[in-house]
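Okay, structure first, notes after.
The values are calculated or read from the model by the stated rules, or taken from the named source; none is laboratory data. Because the structure is predicted, anything quoted here is derived from the model rather than measured. Using ideal geometry, Cβ is built from the backbone for each residue, glycine included, and neighbour counts are taken over all protein chains shown.
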Amino acid sequence: MNIQNTDKMKPGEARSAGPTMAEIIARDPNQPPKELLAQAYEFMGDDDIPYDRYTSKEFFDLEVEKMWPKVWQWVCRLEHIPEVGDNYVYDVGPYSILVVRHGDGPEDIKAYHNSCLHRGTQLKPSYSSGNSPKLRCPFHGWEWNLDGSVSEIPCRWDFPKVTDEEFALPEVRVEIWGGFVFINMDPDAAPLEDYLEVLPAHFANWPLEDRYITLHVQKILPCNWKAAQEAFTEAYHVKETHAHLVPYCSGENAQYDVFGDNVTRFHHPFVHPDPSWTAPQTEQELLDACGMGPEGAELPEGMSARAYVAQHLREAIGGAVGVDLSHVSETEMLDSIEYHLFPNMFLFPGISLPMIYRFRPNGMDTDTAIFDLIFLGLKAPGQETPEPPEPYWLGVDDSYTTVPELGDMLGPVYDQDTSNLDMQQKGFKASVAKPGQTLGNYQEIRLRRIDATLHKYLDA
């Protein structure tokens, strides 16, 4: 039964007058794993979120000091470092972490602070990757083995206080999950498995280690890193920002879940009109509007547009990659299913929208962020993992439509989001009369959870 928005309800109980996500899924012929049917929401208060959390250099510096060194964050995929000597540099704020494969084993990976112990020079350039048998400082030639032990110190006679034991490269904690390499700069942090909360259980249905990178875009966004990622935590903006999607993409029907301090989710339907779309629309017209089926296709009698498009995609995607998708539910084939792992990782387990997002500070600039957009394709049984493609680098003013793989369908959608972010960051600073953002109790609950978890670190 749909919950209507009335004054008699407790805060957070009101929902759209349209069908719930659970009701939409229940009508589909193929049902998803039980994890997609779970619901986890609770009211978390309604105080405004001050704008200075997005503009203040002092607040930014607190994040750099108290949060970023204490959280698990993904650096790269295992396919970025498949061979001994492969290395990958991850930069966030002022921190630079060098991840290195030092052996043939699947988890023979170490991470170091990317800084020479002589005079601090970076061992590898920021945002770089490569392969080298040793880790050698380009300034004076101090050198370490891949396992962090000292290899060579030129003019060793002039450094009587230096010992091999004390001058091994300081390590950063490394763990692997879903084909992703995670690091944590805090030696006392809880294990990654604990930090991931429900993700391992949920993603047992969608093993990300069985996927590979098909596209990687890195773009500078004109706003604070938190504002950048918050734009992707809710579907409330679809009706205004992506109005062309409303006939077949329902933002208002989205379900929002908070599973713990670190993990939240939204789940919103495609090939289903938003409740605000009141024009009469047959299932055939819905199929024609969404553009996700074969051109000119006629809907078989008695079949819904959702079921038809899902079946078309099972055959098209499955046939193209050599994977049997006959068992995959409509919602996994079609819908936007998005998990967030604090502080900055988004995971989409679906088939047609298989994205990974990451948002991080652009150096020490409060007003810009780096956005990593990755697509993870399905691997056929027995298929070797292909070498990851080089990222497309986009500046603030570069359009996503310049990326051929995004083209005229997804490119404009991401461009619409970026234009909002520029105006929002400027609006934060222009808002003198009202110093904070007012959040919806349900549709923007994930923003509030992220803010609350952040403050657990800042207030520690």
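Here are some notes:
- Any hit, region 119-142, residues being assigned to a strand (DSSP E or B), over 28 Å from the mean Cα position of the chain (by Cα) and free of Cβ contacts under 8 Å to residues at least 40 places away in the same chain: yes
- From the options ALA433, ALA452, ALA460, residue that is surrounded by fewer than 16 Cβ atoms within 10 Å (Cβ to Cβ) and closer than 29 Å to ARG15 by Cβ: ALA452
- From the list GLY411, GLY427, GLY382, the lone residue that is part of a helix (DSSP H, G or I), of a type in the set (Gly, Ala, Ser) and more than 18 Å from the chain's Cα centre (by Cα) is GLY427.
- For beta carbons closer than 7 Å, sequence separation of 6+ or different chains, a first residue in region 277-302 that is on the phi < 0 side of the Ramachandran plot and a second that is among the charged types (D, E, K, R), the qualifying pairs are LEU299/GLU283.
- Region 424-460: number of residues that are hydroxyl-bearing (Ser, Thr, Tyr), under 21 Å from ARG360 (Cβ atoms) and in contact with a Lys or Arg (Cβ under 7 Å, 6 or more places away or on another chain): 1
- Considering region 425-456, the residues that are in contact with a Pro (Cβ under 9 Å, 6 or more places away or on another chain) and either touching a residue at least 24 places away in the same chain (Cβ under 8 Å) or not assigned by TED's automatic domain parsing to the domain that holds ASP261 (or both) include one that is nearest to GLY251 (Cα to Cα), namely ASN441.
- Members of region 9-36 that are over 21 Å from TYR248 (Cα atoms) and not in a helix (DSSP H, G or I): MET9, LYS10, PRO11, GLY12, GLU13, ALA14, PRO33
- Residue that is farthest from LEU454 (Cα to Cα), among those in region 239-262 that are assigned to a loop (DSSP other than H, G, I, E, B) and among the acidic types (Asp, Glu): GLU252
- Inside region 132-168, residues that are surrounded by fewer than 13 Cβ atoms within 10 Å (Cβ to Cβ) and among the β-branched types (Val, Ile, Thr) make up a count of 1.
- Among residues of region 181-195, those that are outside any loop (DSSP other than H, G, I, E, B) and in contact with a helix residue (DSSP H, G or I) (Cβ under 7 Å, 6 or more places away or on another chain), counted: 3
- Positions within region 169-178 being outside any strand (DSSP E or B) and surrounded by fewer than 19 Cβ atoms within 10 Å (Cβ to Cβ), in sequence order: PRO170
- Residue match in region 280-293 (condition: under 20 Å from the mean Cα position of the chain (by Cα), under 17 Å from MET409 (Cα atoms), crowded, with 16+ Cβ neighbours inside 10 Å and not acidic (Asp, Glu)): no
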